[in-house]
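J.: Take this structure first; my questions come after.
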Amino acid sequence: MAGRVLLVEDDTSIGEALVSSLRSHAYDVAWERTGAAGLARAAATPVDLVLLDLGLPDLDGVEVCRQLRATQPGCVLVMLTARSAEMDVVVGLEAGADDYLVKPVRLAELHARLRAHLRRGGSSGTTGPAVRAVGDLVVDVARHRVTVAGGEVHLRPKEFDLLARLAAQPEVAHSREQLMADVWDENWFGSTKTLDVHVAALRRKLQEVAPPGRRVPQIVTVRGHGYRLELAAPDDR
Ligand code: CA
């Protein structure tokens, strides 16, 4: 079994095509057609990943996203959205989704993304030491735990992988393409907005837990290139 996927999609032909493709790739798939049924199913049965249509007949998909994120913190949330709805994407990612796919969904892309998301302990676990300390930030890859000056930082799976990747080589500028390839998938195609949203979430979370006067590295934007994890005085930015 490749993973337990919950599909929440009201469109019958899209749903049937996705379910059949997912089953042919050995996923254990449950399909619900309303937001309420999706939430009930996720509460009753453990799932690894939810594929969530944003245009549902009963509840706003963004609201479903928010509730799933609150009740199922460990599961991966991937939104399905129409090409025209760029705003939906941003709102959905802010509501807790990990990623999004634009309809019509290309099946090769869907499977590449699912593999990337369900690859537990991904590439971040394979390079560098198991515990990475940068100033007062400690990324414990083996325990999948991040602390700042001893206080735990709660990260979603891809936020953790991204921070672990940056912390493996602090003070080094990583290109956007390299980060997408390392943290998400080597065959990534599409927008890198997902990367920016994860960086924004990491910055916010690291800032929230940082006690005054401690040395907490910052994720610095390298214009036209990517990002770098840097230990600097707070007024250096
Ligand atoms: Ca729909």
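J.: Is at least one residue of the range 5-16 among the hydrophobic types (A, V, I, L, M, F, W, C), under 21 Å from the mean Cα position of the chain (by Cα) and modelled with pLDDT under 95? Full working, then the answer.
T.: From the range 5-16, those among the hydrophobic types (A, V, I, L, M, F, W, C) are 5-8, 14; that's our starting set.
Next, only the ones that are under 21 Å from the mean Cα position of the chain (by Cα) stay: 5-8.
Adding the requirement that they be modelled with pLDDT under 95 leaves none.
Within the range 5-16, none of the residues are among the hydrophobic types (A, V, I, L, M, F, W, C), under 21 Å from the mean Cα position of the chain (by Cα) and modelled with pLDDT under 95.
J.: Considering only residues that are small (Gly, Ala, Ser) and more than 16 Å from the ligand (Cβ to nearest atom), which ones fall in the range 10-67?
T.: In the first step, residues of the range 10-67 are kept if they are small (Gly, Ala, Ser); the result is 13, 15, 17, 20-21, 24, 26, 30, 35-38, 40, 42-44, 55, 61.
The answer is 20, 21, 24, 26, 30, 40, 42, 43, 44.
J.: Restricting to the range 26-42, and then to whatever is over 15 Å from residue 68 (Cα atoms) and surrounded by fewer than 16 Cβ atoms within 10 Å (Cβ to Cβ), can you tell me which residue is modelled with the highest pLDDT?
T.: Ranking the qualifying residues of the range 26-42, first place goes to 28.
J.: Would you be able to say whether some residue in the range 74-91 is within 12 Å of the ligand (Cβ to nearest atom), in a loop (DSSP other than H, G, I, E, B) and touching a helix residue (DSSP H, G or I) at 6+ places or on another chain (Cβ under 8 Å)?
T.: There is no residue in the range 74-91 that is within 12 Å of the ligand (Cβ to nearest atom), in a loop (DSSP other than H, G, I, E, B) and touching a helix residue (DSSP H, G or I) at 6+ places or on another chain (Cβ under 8 Å).
J.: Answer with yes or no whether residue 95 is under 14 Å from the mean Cα position of the chain (by Cα) and outside the structural domain of residue 157 (by TED's automatic domain parsing).
T.: Taking the combined requirement at face value, the residue satisfies it.
J.: Report, ordered by the first and then the second residue, all pairs with beta carbons closer than 7 Å, sequence separation of six or more or different chains, a first member in the range 48-65 that is in contact (Cβ under 8 Å) with a residue 24 or more places away in the chain and under 27 Å from residue 2 (Cβ atoms), and a second member that is part of a strand (DSSP E or B) and hydroxyl-bearing (Ser, Thr, Tyr).
T.: Every condition considered, the pairs that remain are 54/81.
The values are calculated or read from the model by the stated rules, or taken from the named source; none is laboratory data. It should be emphasised that the depicted structure is a prediction, and the values quoted were computed from it without experimental measurement. Methodologically, a virtual Cβ is constructed for each residue, glycine included, from the backbone with ideal geometry; neighbour enumeration extends over all protein chains shown.
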